[in-house]
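Working notes, structure below.
Each reported figure results from applying straightforward, stated rules to the coordinates on display, with no laboratory input. What you see is a predicted model; the values in this text were computed from it and never measured. When we count neighbours, we look across all protein chains shown, and the Cβ atoms used for this are built from the backbone with ideal geometry, even at glycine.
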Amino acid sequence: MNKKKQGAALAQLAMGTSLDLDEFEIPEAPAQREKRHYDNLFLRGEQKTVHRYVDCRFSNVTFEGCHFRTLHFERCVMDNIRLVACNISELKLIGCDVQRLVAVDCLVNQCLFHEGKQQQITWGNSLIEGISFNQHQVESLLIHDVSLARWSASESSFSQLEIRNSEFSDAGWFNSQLQMSRWLGGCVRRQAMSGCTLNAVDYQGTIGSHQVWNDCTLSQVNLAKMPLQGASFLGSHLSVCDMSDCNLAQAVFTRGQLNRCRLNSANLTFCQAQDASFTDCDLSGACMRNAYFNGALLAQCRVDGSDFTGADLRAAEIRDTSFKAISGGDKMRMHGARGPVAKSEPTEPLLTKIDAWYQRNQPGLPEASPWSPGKPLNGGSRYV
């Protein structure tokens with residue numbers, strides 16, 4: 001509304017004259033309903049700007065062909081709800097308890113679920129431009145044939161999540177739990193998880209790129225044959241996970257802990273696994289060319305048939321792991337490694353001389369000095 005119209009509207013209000021909302025471009029007041037029950041309703045073709053429901057109960061309600069600018073539910077209880085061919089600019093559910101909701105052929109621009117819980121939810125053949133879960137509990141969520149962008153989950157838990165034949169992009173997960181869930185087909189692009197726990201999750205058959213699981217705990221997660229080039233598992237704990245036949249070129253496992261994981265026939269070219277630990281893992285037939293395993297632990301691992309050409313295992317610790325049946329053993333860097341290694345272990349005269357100089361001169365503060373930290377100082381390597 002421009003200043004001229006504002007003056008005219010104020011003049012009419014001063015004279016006690018009613019205003020034409022369309023003429024003065026005044027938005028419709030939000031329609032709010034409190035503590036009402038809606039049972040066995042069928043609403044078709046409704047067009048509303050803002051609807052807000054507080055402490056209401058909905059049972060057996062269908063919205064078909066409805067258009068809402070904002071649809072807001074707060075502390076509502078909902079059972080058996082259907083959204084069919086609806087266009088919703090903003091959908092908010094705050095502190096709601098939702099059971100059996102089905103949304104098909106819908107267009108939703110922004111969807112927010114804050115606190116509360118959901119059970120037996122289905123989204124099908126829809127377009128969702130943004131969806132956010134905050135401190136929310138979700139059980140049995142099916143998403144099929146959906147184009148979904150800008151997914152956000154914070155401090156939420158998901159059980160029996162199934163995403164089928166859908167495009168899933170720009171997803172962020174923080175301090176959330178995901179269990180007994182699976183992706184079937186479709187594409188996952190730019191998904192980042194931090195501080196999350198995954199248990200019994202299946203990604204097999206899914207394509208995509210830019211996957212991140214940093215500081216996460218993964219148990220019984222199936223990533224077999226996935227394109228995970230450049231993926232990050234920085235500081236994560238992986239247990240009984242399957243990454244066989246994966247493309248893990250340039251992937252990051254730095255400071256990670258892998259226990260009883262399958263990486264057989266995986267492509268680990270140029271992967272970064274500094275200070276990582278691999279215990280009872282299957283690395284047989286893997287391509288480890290130019291991989292960085294500085295300071296890593298390999299314990300009770302199978303590496304038969306793997307290619308270690310150019311791999312860097314300096315200062316690594318090797319326990320109960322045989323390198324006899326590998327290829328490229330004469331081209332590995334093993335300076336300072338501990339434990340049994342290939343017989344053709346190469347030598348690095350320069351690094352050997354540097355070690356001898358440090359042993360002889362003992363640079364730094366004496367251990368008895370009051371300024372001495374009592375342990376090696378953090379910082380760059382002596383070889384830099």
Check: What relative contact order, as a whole-number percentage, does region 139-265 give when Cα pairs under 8 Å and 6 or more residues apart are counted?
Finding: 16
Margin query: Please list, ordered by chain and number, the residues whose modelled amide H lies under 5 Å from the amide H of residue 209; skip anything fewer than 5 residues away on the same chain.
Written below: 188, 189, 190
Checklist line | Cα-only radius of gyration and Dmax that characterise region 285-324, units Å | finding: 9.5, 23
Checklist line | Segments 144-154, 246-256 sorted - mean Cβ within 10 Å per residue, highest first | finding: 246-256, 144-154
Notebook entry, point to check: Taking a quarter of the surface of the Cα convex hull of region 64-115, what do you get in nm²?
Noted result: 3.1
Checklist line | Out-of-range pairs (alpha-carbon distance over 20 Å; input 225/324; 225/331; 92/117) | finding: 225/324; 225/331
Notebook entry, point to check: Say the dipole of region 17-158 comes from +1 at the beta carbon of Lys and Arg and -1 at that of Asp and Glu; which of 70, 104, 119 then lies farthest toward its positive end?
Noted result: 119
Checklist line | Listed residue (222, 326, 236) projecting farthest to the positive dipole end of region 211-340, Cβ model | finding: 326
Check: How large is the charge dipole for region 236-337, taken about the Cα centre, if only the Cβ atoms of Lys, Arg (+1) and Asp, Glu (-1) carry charge, to the nearest 20 debye?
Finding: 160
Next item on the list: Express the relative contact order of region 119-186 as a whole percentage, based on alpha carbon pairs under 8 Å and six or more residues apart in sequence.
Entry: 30
Check: Got a sec to turn the phi values of region 293-303 into Karplus ³J(HN,Hα) couplings, 6.51 cos²θ - 1.76 cosθ + 1.60 with θ = phi - 60°, whole Hz, x for Gly and Pro?
Finding: 10, 4, x, 7, 10, 10, 10, 6, 9, 9, 10
Margin query: Given an 8 Å cut-off on Cα distances and at least 6 residues of separation, report the relative contact order of region 184-245 as a percent.
Written below: 32
